[in-house]
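**Q** Quick one: the structure is below, and I'll ask about it shortly.
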């Protein structure tokens, strides 16, 4: 009997529904071919348009549905023209991170040696940036102090969250080494030479490293890391850092790959996980069949791998890798990629190309 998993689906705003629909179709096609697992998808309401229509961006019933699901698939969310009264954006995805204690923001950066990326690297790049997702400078989101003369925000780093974060990072490096994806190395990215909070962060990292003798550990300041990500990104395996630093470096990683349209992500906790593309809702192209679906599809692939690893279902992990490999198989052909990364394909054309690569169909 196959294992059944419930997936809460947040279709999002702007281009969100357009990139979610083909992603769900690919997942449904994969599960129909499997005897080991099945996925039950349930649409859940949240987002900027919902706020504009009802005054609520993230209803309690939606939060409950997310908590009860085995995994959460979330599309692009938010609209520049719709904001809270204090001027901040509508971001239910950030609320989910806090609500479900999703402390590990996983941002993979993968570049094949033959890809026509902006910097045209001559060798493959494959590393993962792990961004702490519940604390750091984002801790004071919405509660910072603002007066007529100054504004202050508070950066917060706790032992409890950092210990979980570093354990996750070392375990991921071990898994990548086992799967021959990396050498087994974790780099702590901080600014410990200036800030006491980051010296504390590094101290906790070093303590966790002592329990993983098979994994190499080292440190890098965030400014140097940004430089090396441009000059020699192939030297990295797993990077782990504070929330704001991770927010910035993950977009740099997306730029190395060619743009946010190729940047998937996962926010993972001890019990729950959300999978979503890193890009925004792009309302200027919504409804025009122009959006790049690849980051959404790659995020769904991460979901399959996470569920498979968590539940010891090898075929699910394999299907996740098959799905991501199918996306990368399309990147060298301009007819199979969208305009944001130099191609001519539509949203549906790009997703059909992935379908063809995944299921060995003839691609028109």
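**Q** Conditions first: (1) in contact with a strand residue (DSSP E or B) (Cβ under 9 Å, 6 or more places away or on another chain); (2) within 21 Å of residue 304 (Cβ to Cβ); (3) touching a residue at least 12 places away in the same chain (Cβ under 8 Å). Residue 32 passes all but one, so which condition is the exception?
**A** Unmet condition: (3).
**Q** Yes or no: residue 138 in a helix (DSSP H, G or I), under 23 Å from residue 251 (Cα atoms) and in the same structural domain as residue 228 (by TED's automatic domain parsing)? Spell out how you get there, then give the answer.
**A** On the way: in a helix (DSSP H, G or I): yes; under 23 Å from residue 251 (Cα atoms): yes; in the same structural domain as residue 228 (by TED's automatic domain parsing): yes.
Here the answer is yes, as residue 138 does meet what is asked.
**Q** Additional query: Would you mind stating whether residue 351 is buried (at least 22 other Cβ atoms within 10 Å of the Cβ) and assigned to a helix (DSSP H, G or I)?
**A** Working: buried (at least 22 other Cβ atoms within 10 Å of the Cβ): yes; assigned to a helix (DSSP H, G or I): yes.
For residue 351, the condition - buried (at least 22 other Cβ atoms within 10 Å of the Cβ) and assigned to a helix (DSSP H, G or I) - is met.
**Q** Right, another one. May I ask you to list pairs of residues, at least six apart or on different chains, whose Cβ atoms are under 9 Å apart, with the first in region 115-132 being not assigned by TED's automatic domain parsing to the domain that holds residue 222 and the second being outside any loop (DSSP other than H, G, I, E, B) and surrounded by fewer than 22 Cβ atoms within 10 Å (Cβ to Cβ)?
**A** Listed by first residue and then by second, the contacts come to nothing, as the list is empty.
**Q** One residue is enough: does region 62-77 have a residue meeting the conditions within 28 Å of residue 284 (Cβ to Cβ), touching a helix residue (DSSP H, G or I) at 6+ places or on another chain (Cβ under 6 Å) and without any contact (Cβ under 8 Å) to a residue 60 or more places away in the chain?
**A** No; the residues of region 62-77 include none that is within 28 Å of residue 284 (Cβ to Cβ), touching a helix residue (DSSP H, G or I) at 6+ places or on another chain (Cβ under 6 Å) and without any contact (Cβ under 8 Å) to a residue 60 or more places away in the chain.
**Q** Count, please, the residues in region 164-198 that happen to be closer than 17 Å to residue 213 by Cα and assigned to a helix (DSSP H, G or I).
**A** Step one: list which residues in region 164-198 are closer than 17 Å to residue 213 by Cα, which gives 166-178, 182-188.
Among the residues that remain, those that are also assigned to a helix (DSSP H, G or I) are: 166-178.
Adding up the residues that qualify gives 13.
**Q** Further, regarding this structure: Just one of the numbered conditions (1) in contact with a helix residue (DSSP H, G or I) (Cβ under 8 Å, 6 or more places away or on another chain); (2) under 30 Å from residue 159 (Cα atoms) is not true of residue 224; which one?
**A** Result: residue 224 fails condition (1) only.
**Q** Which ranges mark the strands (runs of 3 or more DSSP E) fully within region 205-287 that have 3 or more residues being touching a residue at least 12 places away in the same chain (Cβ under 8 Å) and buried (at least 22 other Cβ atoms within 10 Å of the Cβ)?
**A** Details: elements: 216-221, 238-241, 264-268, 273-277.
Filter on region 205-287 gives 238-241, 264-268, 273-277.
**Q** Does residue 47 count as in contact with a helix residue (DSSP H, G or I) (Cβ under 8 Å, 6 or more places away or on another chain) and farther than 30 Å from residue 184 by Cα? Even if it seems obvious, please write down each step before you answer.
**A** Details: in contact with a helix residue (DSSP H, G or I) (Cβ under 8 Å, 6 or more places away or on another chain): yes; farther than 30 Å from residue 184 by Cα: yes.
So residue 47 fits the description; yes.
**Q** Follow-up question, since we're still on this one. So residue 364 clears everything in (1) at pLDDT below 95; (2) part of a helix (DSSP H, G or I) except one condition, right? Which one?
**A** (2)
**Q** Looking at (1) surrounded by 18 or more Cβ atoms within 10 Å (Cβ to Cβ); (2) in contact (Cβ under 8 Å) with a residue 60 or more places away in the chain; (3) closer than 18 Å to residue 124 by Cα, which is the one condition that is false for residue 169?
**A** (3)
**Q** If we only count strands (runs of 3 or more DSSP E) wholly inside region 1-115, which ones have 3 or more residues that are surrounded by fewer than 18 Cβ atoms within 10 Å (Cβ to Cβ)? So that I can check it myself, show each step before the final result.
**A** Numbers: elements: 3-10, 37-44, 71-74, 104-111.
Hits in region 1-115: 3-10, 37-44.
**Q** Here is a follow-up. Could you please find all residues in region 323-348 being touching a residue at least 60 places away in the same chain (Cβ under 8 Å) and either surrounded by fewer than 19 Cβ atoms within 10 Å (Cβ to Cβ) or not assigned by TED's automatic domain parsing to the domain that holds residue 285 (or both)?
**A** Residues satisfying the conditions are 328, 332, 340, 342, 348.
**Q** Take region 304-326 and flag every residue that is within 23 Å of residue 356 (Cβ to Cβ) and in contact with a strand residue (DSSP E or B) (Cβ under 6 Å, 6 or more places away or on another chain). Outline the logic, then answer.
**A** From region 304-326, those within 23 Å of residue 356 (Cβ to Cβ) are 304-305, 315-326; that's our starting set.
Selection gives 316 alone.
**Q** Given the residues 202, 176, 159, 196, which is the only one that is on the phi < 0 side of the Ramachandran plot, in contact with a strand residue (DSSP E or B) (Cβ under 6 Å, 6 or more places away or on another chain) and at pLDDT 95 or above? Steps first, please.
**A** Details: 176 fails: in contact with a strand residue (DSSP E or B) (Cβ under 6 Å, 6 or more places away or on another chain); 159 fails: in contact with a strand residue (DSSP E or B) (Cβ under 6 Å, 6 or more places away or on another chain); 196 fails: in contact with a strand residue (DSSP E or B) (Cβ under 6 Å, 6 or more places away or on another chain).
Residue meeting the stated conditions: 202.
**Q** If residue 179 satisfies all but one of (1) outside the structural domain of residue 48 (by TED's automatic domain parsing); (2) touching a residue at least 12 places away in the same chain (Cβ under 8 Å), what's the number of the condition it fails?
**A** Going through (1) outside the structural domain of residue 48 (by TED's automatic domain parsing); (2) touching a residue at least 12 places away in the same chain (Cβ under 8 Å) one by one, residue 179 breaks only (2).
**Q** If you don't mind, another one. Are any residues in region 116-128 part of a loop (DSSP other than H, G, I, E, B) and under 18 Å from residue 259 (Cβ atoms), and if so, which ones?
**A** Result: 116, 117, 118, 119, 120, 121.
**Q** Next question, about the same structure. Residue check, residue 293 against (1) out of contact with any strand residue (DSSP E or B) (no Cβ under 6 Å at 6 or more places or on another chain); (2) more than 23 Å from residue 44 (Cα to Cα); (3) assigned by TED's automatic domain parsing to the domain that holds residue 49, all met but one. Which one?
**A** (2)
The values are calculated or read from the model by the stated rules, or taken from the named source; none is laboratory data. Since the structure is predicted, the reported quantities are computational estimates derived from the model, not experimental observations. Reconstructed Cβ throughout: ideal geometry from the backbone, glycine too, with neighbour counts over all protein chains shown.
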